[in-house]
């Protein structure tokens, strides 16, 4: 999101403090001409650890002073590439919101939840589109970041500091929502099918999954090395890089959970290159209308309390 038309100078300073704390960086936001975040450049050009933040006035700290920020800051000479890549990533994310909203119809009556929401790009986006409500869950505490973004945009996305628990295969405190989203989370979890089942159990109407996949003609899961991102996770929940179910397994899993209308979202012109998009699945799976519970059986109102990748 480009926030330059609505953000105040004081809010830019708050964003700078959150970046210093490691709580803004991965998702593509433009705070000012001199401050921008997002993983687009890493995805398309520099590779991992090439930078998530353009901050023109910031002097690069030593690793001892701020190891997180030192790893995140891009080289100033990469600014144009950084901005262009994150513009593409924003285009992709915004197109997902548009396509999902178009396929679901009137979202003003729908509740949304994202498991592994990071700084809330998608819950905030659905709030801006008029959703009844939207909440994000994450194992990291991004509450201050989402609070700032809500103030800048006049939205009311909620945040709950609770991630998916692989030991119980659930999201503690989570109830049911009309639509449940998972953006680049499945690729960091060892219990792929259990996580899908958790998402399905939370979703009354639909789930959306964006994740790397393999195109093998078999029901299989490819695992990378363990403990790349979450060094304290123990076996068998330690395989966090990069887990790729086969496309065939993902589709069959959605069918077995009772989702009968399955859409593969498109890569819009000017968004991410096809070579990047095509090794992922962008899948919206919708339950048949008869499977939706009557209003009297729906869950209570969403939590009022309030961390991916």
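Hey, rough spin-label estimate for residue 279 and residue 33, points 7 angstrom out along Cα→Cβ, what's it come to in nanometres?
With each label point 7 Å from Cα toward Cβ, the separation is 3.7 nm.
Using the basic label-point model (7 angstrom from Cα toward the beta carbon), what is the residue 59 to residue 71 distance in nanometres?
The two pseudo-label positions are separated by 2.4 nm.
Applying 1/(1 + (r/R0)^6) with R0 = 25 Å to the Cβ-Cβ distance of residue 194 and residue 172, what FRET efficiency is obtained, to the nearest 0.05? Show your work: numbers first, answer last.
On the way: r = 15 Å, r/R0 = 0.59.
With a Förster radius of 25 Å, E is 0.95.
For residue 156 and residue 6 in the same chain, what is the full-extension length gain: residue separation times 0.36 nm, less their Cα-Cα distance, in nm?
Values: separation 150, 0.36 × 150 = 54.00 nm, distance 1.57 nm.
Taking 0.36 nm per residue and subtracting the Cα distance, the gain is 52.4 nm.
Tally the DSSP beta bridges in region 1-155 and give the antiparallel ones as a percent, rounded to 5.
On the way: 6 of 13 bridges.
Taking every DSSP beta bridge within region 1-155, about 45 percent pair in antiparallel fashion.
Where both residues lie in the chain, what percent of DSSP beta bridges are antiparallel, nearest 5?
Values: 22 of 42 bridges.
The antiparallel fraction comes to roughly 50 percent.
Grab the DSSP H runs of the chain that are 4 residues or longer, score each as -39,500 (n - 2.57), total them, divide by all residues and round the 222 nm result to the nearest 500 deg cm²/dmol. Before the final figure, lay out the partial values.
On the way: 8 runs with 88 residues, N = 309.
It lands at -8500 deg cm²/dmol.
Roughly how many Å is it from the Cα centre of region 158-234 to that of region 245-293, as a whole number?
14 Å
Classify region 94-297 as rounded, prolate or oblate from the Cα gyration tensor: take a ≥ b ≥ c as the square roots of its eigenvalues, call it rounded if a/c is under 1.5, otherwise prolate when a/b beats b/c and oblate if not.
Values: a/c = 1.35, a/b = 1.18, b/c = 1.15.
Verdict is rounded for region 94-297.
If we sort 268-281, 16-29, 155-168, 109-122 on the protection proxy, mean other Cβ atoms within 10 Å, highest first, what's the order?
Highest-to-lowest ranking by the protection proxy: 109-122, 16-29, 155-168, 268-281.
When a/c reaches 1.5 or more, the comparison of a/b and b/c decides; with that in mind, is region 9-86 rounded, prolate or oblate per its Cα gyration tensor? Numbers along the way, then the final one.
Working: a/c = 1.61, a/b = 1.15, b/c = 1.40.
Cα axes put region 9-86 in the oblate bin.
For residue 222 and residue 21, compute 0.36 nm times the residue count separating them, minus their Cα-Cα distance, and round to one decimal in nm.
Numbers: separation 201, 0.36 × 201 = 72.36 nm, distance 3.34 nm.
Separation in residues times 0.36 nm, less the Cα-Cα distance, equals 69.0 nm.
Report the label-to-label distance for residue 266 and residue 13 in nanometres (one decimal), using points 7 Å from each Cα along the Cα→Cβ vector.
4.7 nm
FYI, it's all coordinate maths here, none of it is from the lab. None of the values given here were measured: they were computed from a predicted structure. Here Cβ is always computed from backbone atoms with ideal geometry, including for glycine, and neighbour counts include all displayed protein chains.
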